[in-house]
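Step one of this worksheet: look at the structure below.
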Amino acid sequence: MIICGVELSGSDAVVCLLNLDRDQFSLPECKVRKLSLNKNHTRQDLKQFQAAFAALMAEHGVTSVAIRERMPKGKFAGGAISFKLEAAIQLISDVELEVRLLPPALIKSTLAGNPMSVAFADTGLKVFQEPAFTAAYVGHMAK
């Protein structure tokens, strides 16, 4: 089962695909590392972002999306645009996707109980993909 971990930051959705097959994790080949929303943030821009995200999920056979949750207020609050991106992902209807938000407490407790067997540096992913990778891993382990 392939899951897509997502870290929303500003007007970008950083993605990482992670496959779990017979208790073995693998990273499917994916040239897309992030999808961005146009600077105008119009309705049409959101629809284009949503269509691009749905197409990426369909292309790779993704059935589940795990989004690292952002706080609505406080020091680590997410911006308004990232909440629009989250809604656009949650409302995708072209592809059958299970979309889950992963609160920081769930991520921390899941990692404590199921530490990753490989160091992130050994994955070959870009440094900015680490939160998305973690979300994908926790998404698999928290099921």
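Observations on the model:
- Residues of segment 79-91 that are over 15 Å from the mean Cα position of the chain (by Cα) and touching a residue at least 12 places away in the same chain (Cβ under 8 Å): G79, I81.
- Which numbered condition A112 misses (of (1) at pLDDT 90 or above; (2) touching a strand residue (DSSP E or B) at 6+ places or on another chain (Cβ under 8 Å); (3) farther than 29 Å from E29 by Cβ): (2)
- Leading residue by the ranking (modelled with the lowest pLDDT) among those in segment 51-83 that are surrounded by 17 or more Cβ atoms within 10 Å (Cβ to Cβ) and of a type in the set (G, A, S): G78
- The residues of segment 118-136 that are farther than 18 Å from K34 by Cβ and either in contact (Cβ under 8 Å) with a residue 40 or more places away in the chain or among the aromatic types (F, W, Y) (or both) amount to a single one, V118.
- Residue within segment 27-49 that is of a type in the set (S, T, Y) and surrounded by 15 or more Cβ atoms within 10 Å (Cβ to Cβ) present: no
- Residues in segment 5-32 that are touching a residue at least 60 places away in the same chain (Cβ under 8 Å), among the hydroxyl-bearing types (S, T, Y) and not in a loop (DSSP other than H, G, I, E, B): 1 in all.
- Residue within segment 123-135 that is in contact with a Cys (Cβ under 7 Å, 6 or more places away or on another chain) and within 19 Å of M71 (Cα to Cα) present: yes
- Residue within segment 84-101 that is closer than 16 Å to L20 by Cβ, in contact with a strand residue (DSSP E or B) (Cβ under 6 Å, 6 or more places away or on another chain) and surrounded by 13 or more Cβ atoms within 10 Å (Cβ to Cβ) present: yes
The values are calculated or read from the model by the stated rules, or taken from the named source; none is laboratory data. Everything numeric here is computed off the predicted structure, so don't read it as measured data. Neighbour counts run over all protein chains shown; Cβ positions are idealised from the backbone, glycine included.
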